[in-house]
Amino acid sequence: MSSPSETVERLRPSRPVALVIGVLIFADVVSAFESTMMLNALPHIIGEFKVTAVDASWTLTAFALVAATSAAVCGRLGDIYGRRTLLILLLLGSAVGSVVSISSGTLSGVIVGRAIQGVSGGILPLCFGIVRETVPKHRVSVAAAMVASAAMLAGASGTIVSGVLIDTLGWHYIFVFAAAVAVLAAACALTLPKSTMTVGAVRIDWPGALLFAPAITLCLLGVTNAPRWTWGDARTLGTILAGVAIFVLWIWREARTESPLINVRLFRDRKQGLALLANCLLSAGVFGSTGLAMQLMMQTPTNAPIGLGMSASAAGTAVFCVSIIGFLLSPFSGRVSARFGARLPLAIGSTFGIGSAFALVLLHDTVTQMVCAIIVLNVALVFMLTSLPNFVMEGVPAEHTSEVTGVHAVARTAFSGVGSSVATLLLSLSVAPGTQFSTEHAYNNVFLLVGGSSAVGLLIAFVIGRRGDERPARGPASVPTLVTEVAE
């Protein structure tokens, strides 16, 4: 009798690999674009609705809070009910959010629409699951790498596209564009094969979802407001501690539930636990802090201790162009994962992360120097991004792929917020006398955070073990329904 994995490989739906990857990248672009599309619109929202910057920033916060919850919950639901179906529903749901925002004449309505848009946060974990389910096994690593790096490219393009729309048509048309691409992506997703690998009929642990949602919401709320409230404020500490307390309770409950919403027992496996730890540290040190620091360095006036005096559009264009290089490197990173395992791309990315810290310290006096430093950073980012989903695919049962990659997405969102807040704090601790500009020493402290987290990432890559060394990650005694039927 064939093993379950061999049966899955035989029954893998046949579609051109280029079509599958293209559709999934398009779907991923929708989510990444929506996460950054409102950055340029904030000044216009403040002016039109006569509100404060704090009020307007809720168009970002509401999206982030829902997106984090959606990444974990929808990843699990996709594993149970079918990833293609849920992917289409999330894309259409994000389009509904755009319609709500554009049809509302109030800031509250825009925020509600943005919160609905946040369901698109669950798209990327579903894409990884679909890759593993539909792409031939020898191409899974490359496909996953390309999908992962597309998020970085699309996020960088969000500010450029939204800037053009704002300058030519007005900020409302950002939502028209977002709705149109979401509907088009949903239509393209219909060409994907129907899911054949599902966990089967299980009882959904809705109480687990009711605990997880407020836990991650409170933690993110405290982290995102920390720069405004300060880290020592009772509101910051109280909100984060309350979220952590609920999160600990949620973990305790999920570890004892027969059919958990998210199977935390999968992370008892040494390799998966270390991969998640690496994700958290690198998200805080590399992903979270560098974006803020680079934009400030490029857009700060030249009379500051560090500043290139670039416009927002010029800085955004520079980052986008460099991100293209990172995306083009993703197939190579995927091939490295396929041949040597995911630990090597993690080691390469961490090494370049250390190099990017030195580059940012030394190369920031001219635009050319800054572009060179950003190139080194983008090489680090693409190898880091592409290694993490491949760690999951190396050691997690196929029917739990979206569930576990969803946890990684939540961790990246949360700890990127932590990194941004810590970078903001470090930059505020040393300011040039008589100005509001941070000193070179302050920026170097941020880059020390980048280099330090990358060094720990490199250490984890060495101790995490080679592919094939790990024991199978423990999960519920469930196998894909179709596999069970054929095997019997």
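The values are calculated or read from the model by the stated rules, or taken from the named source; none is laboratory data. Since the model is a prediction, treat every value here as computed from it, not as a measurement. Reconstructed Cβ throughout: ideal geometry from the backbone, glycine too, with neighbour counts over all protein chains shown. In case anyone asks, the SASA skips ligands and DNA or RNA and just uses the protein heavy atoms, side chains included. Shrake-Rupley method; radii C 1.70, N 1.55, O 1.52, S 1.80 Å.
Descriptive notes on the structure:
- Residues that are open to solvent by 10 Å² or more (accessible area, probe 1.4 Å) and assigned to a helix (DSSP H, G or I), drawn from the range 128-145: PHE128, ARG132, LYS137, HIS138, ARG139, VAL140, SER141, VAL142
- Screening the candidates THR191, THR239 for the property of being open to solvent by 20 Å² or more (accessible area, probe 1.4 Å) and either among the charged types (D, E, K, R) or farther than 28 Å from ASN263 by Cβ (or both) yields one hit, THR191.
- Which numbered condition THR257 fails, given (1) among the β-branched types (Val, Ile, Thr); (2) in contact with an Asp or Glu (Cβ under 9 Å, 6 or more places away or on another chain); (3) more than 30 Å from LEU89 (Cα to Cα): (3)
- Considering the range 144-179, the residues that are without any contact (Cβ under 8 Å) to a residue 24 or more places away in the chain and among the aliphatic types (A, V, I, L, M) include one that is farthest from VAL382 (Cα to Cα), namely LEU169.
- For the range 424-439, the condition of being within 30 Å of ALA72 (Cβ to Cβ), open to solvent by 20 Å² or more (accessible area, probe 1.4 Å) and either outside any helix (DSSP H, G or I) or touching a Pro at 6+ places or on another chain (Cβ under 8 Å) (or both) holds for at least one residue.
- Of all residues in the range 1-24 being among the charged types (D, E, K, R) and at pLDDT 50 or above, the one that is least open to solvent (accessible area, probe 1.4 Å): ARG12
- Restricting the range 105-125 to residues that are open to solvent by 10 Å² or more (accessible area, probe 1.4 Å) and in contact with a Cys (Cβ under 9 Å, 6 or more places away or on another chain), the residue that is farthest from VAL176 (Cα to Cα): GLY121
- Taken together, GLY288, GLY326, GLY355 contain a single residue that is in a helix (DSSP H, G or I), over 30 Å from ASP167 (Cα atoms) and not charged (D, E, K, R), which is GLY355.
- The criterion of at least 3 residues that are open to solvent by less than 20 Å² (accessible area, probe 1.4 Å) is met by the following helices (runs of 4 or more DSSP H) wholly inside the range 25-104: 58-81, 83-103.
- The test for being within 30 Å of TYR81 (Cα to Cα), part of a helix (DSSP H, G or I) and open to solvent by 10 Å² or more (accessible area, probe 1.4 Å) does not hold for GLU403.
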